[in-house]
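K.L.:
Dumping the structure here so I can ask a few things about it.
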Amino acid sequence: MHSQTDSFVGNIYSIINATQSFLWSYLILIALIFFTIYFSIKTNFAIFRLFKEVFIATKKNILAKPEPNNRAITPFQAFIISMSARVGSGNLAGVAIALHLGGAGAIFWMWVISFFGAAIALIENTLAQAYKQKNIDYKNYFFGGPAYYILYGLKNPKLAKFVAIISILFCGIASLFIQINTVSTSWNYAFDIPIYVLALLLTSLTALMLFGGIQLINKWLTILFSVMFCLHIFIGIYFIVINFDGVLTVLENIFLSAFGLQQFSSGFVGVAIIQGFKRGLFSNDLGIGNMPCAAAMSNDKHPVNQALLQVFGTWLDSFVICTISAVVILLSGANFQQSSGVQLLHDALAIDFGEFGHIMVAVMTFLFVYTTLIANYVYSETNFLFLTKNENSLLSYRLLCLSCVCGGAMLSVDFVWDFADIVMGLLCICNLYAIYKLFPKAKFLIEDYVWQRKNGIATPTWNYDITALNKIK
């Protein structure tokens, strides 16, 4: 009986693995390449034209002070929520998995999809802002994302509801599984603490935030993100300095492996490209539709302003945070063909720092995972309210999410990532279809922003007239 159960579970795992492999090896990989090229050409390479504007908008919004007596989420606060969601296990365990399966060359392809794929981020976040809605029953906060622009832009309520359900499955269940699984593995590996103890601890801390409201969440996300970002940068710079002689060799390995000029047993070119694209996408949410949920929350005066902030976040995530994780592993000399996931980071830092290296990884993992847990919950709550239109039902939903946090630690690592890849893949396909259909609206808004900036308007504005926007062909 026991062997039959094991066989049944094994078959389920095999089906899930085969499904995610098909999705990411064919459908989504091709779709991402196509839409990255398509949006780049159709916007006259707006990412290049607006390259300077990305940094101008980011600086302006970071320095801007919140309006007095205004409880609305500011553009920078929305940016922090999105960064908290992006900077999670994908930057630690995800990068390590990409190296393990695709070799050093996977990092190069992660850079490629992140830079050019920012065209997708520009479109989807512009649409999220343009079609956002104010929820009067929920303290007048703005809500938005794929479900909203599919409903109010495409006028397709059935697809909108399906996307909201899939988003809940990913942000409220699959992503929570991944985060808790990563931190539990890390702390168990570093301190030999039982996984169930960590699960209960993280569940309790998550509950405090979930029931504290969006303002409390935003306040603590800003603090925690700042701490973990600075800590990650410090460790990366310090590691590079003490191993500076190997930096050029690491960069050489990345570029040679990316084009098959230097092969590892698990790092041929096709796998490197797929792993680079998968982890680059997962790390900064390109095309998935999660990032727009945060972008829609802010009280921007023009939709493109928030989109530019999210483009900056995409580049910051991949070119700085993910790269530091990869370089630390490659510089350490840890065998990324034998180890994988967060354990690989433990092995890497332990080579130079010994037991203290385990502590550093454990602390970083906890901060990365906790902030991502909270931010992804915010995304899932946005879609839950879209479906129910009832704030009173949030209690039962929060309890469900907390059970996922607690239970995710007990699941197989491979199962958790494969399940997340499937749900993320379905969400990505629906979102790409929606932003393709709504692209003329986004392009109009982008050109409107460009025109205003060229005519000396420091802060472009838009009247958020959905009816007028829908008339644009």
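K.L.:
Once you list every other residue whose beta carbon is under 13 Å from the beta carbon of ALA85, what net charge do they have if Lys and Arg are +1 and Asp and Glu are -1? If you can, show how the numbers build up before the last one.
P.N.:
Values: positive: ARG86; negative: ASP285, ASP317, GLU381.
After counting each charged neighbour, the total is -2.
K.L.:
Let me ask you something else. In straight Cα distance, which aspartates and glutamates are under 19 Å from LYS301, not counting same-chain residues fewer than 8 positions off?
P.N.:
GLU53, GLU67, GLU124, GLU447, ASP448, ASP465
K.L.:
Hey, got a sec? Which trypsin sites (Lys or Arg not before Pro) in segment 26-130 land in a DSSP loop and have at most 13 other Cβ atoms within 10 Å? Spell out each step's value before the answer.
P.N.:
Working: sites: LYS42, ARG49, LYS52, LYS59, LYS60, ARG71, ARG86; in loops: ARG71.
Sites meeting the loop and neighbour criteria: ARG71.
K.L.:
I'd like the distance between the alpha-carbon centres of segment 115-170 and segment 193-265, rounded to an integer number of Å.
P.N.:
Centre-to-centre distance over Cα atoms comes out at 28 Å.
K.L.:
If you filter segment 157-236 for chymotrypsin sites (Phe, Trp or Tyr not before Pro), then keep DSSP loop positions with at most 14 other Cβ within 10 Å, what is left?
P.N.:
Details: sites: PHE162, PHE170, PHE177, TRP187, TYR189, PHE191, TYR196, PHE211, TRP220, PHE225, PHE229, PHE234; in loops: PHE211.
Qualifying residues, ordered by number: PHE211.
K.L.:
So which of LYS134/LYS161; LYS219/LYS454; LYS65/LYS155; LYS132/LYS219; LYS219/LYS473 end up more than 29 Å apart, counting from Cα to Cα?
P.N.:
Beyond 29 Å between Cα atoms: LYS219/LYS454; LYS65/LYS155; LYS219/LYS473.
K.L.:
Compute the label zone of PHE211 within segment 171-205: residues whose backbone N is under 12 Å from the point 7 Å along Cα-to-Cβ.
P.N.:
Within reach of a label on PHE211: 204-205.
K.L.:
Using a 1.4 angstrom probe and counting only protein chains, how large is the accessible area of LYS301 in Å², to 10?
P.N.:
110 Å²
K.L.:
Follow-up question, since we're still on this one. Rounded to the nearest 500, what is the chain's calculated 222 nm mean residue ellipticity when only DSSP H runs of at least 4 contribute -39500 (n - 2.57) each, over all residues? Intermediate results must be reported in sequence, preceding the final value.
P.N.:
Numbers: 24 runs with 342 residues, N = 473.
Helices in the chain give a 222 nm mean residue ellipticity of -23500 deg cm²/dmol.
K.L.:
Expected output is a single nm value to one decimal: the length gained when fully extending between GLU355 and ASP192, i.e. 0.36 nm times separation in residues minus the C-alpha distance. What is it?
P.N.:
Working: separation 163, 0.36 × 163 = 58.68 nm, distance 1.27 nm.
Gain on extension, GLU355 to ASP192, equals 57.4 nm.
The values are calculated or read from the model by the stated rules, or taken from the named source; none is laboratory data. Only a predicted model underlies this, so the values are computations on that prediction, with no experimental measurement involved. When we count neighbours, we look across all protein chains shown, and the Cβ atoms used for this are built from the backbone with ideal geometry, even at glycine. Just the protein is used for accessible areas: all its heavy atoms, side chains included, with ligands, DNA and RNA removed. Shrake-Rupley method; radii C 1.70, N 1.55, O 1.52, S 1.80 Å.
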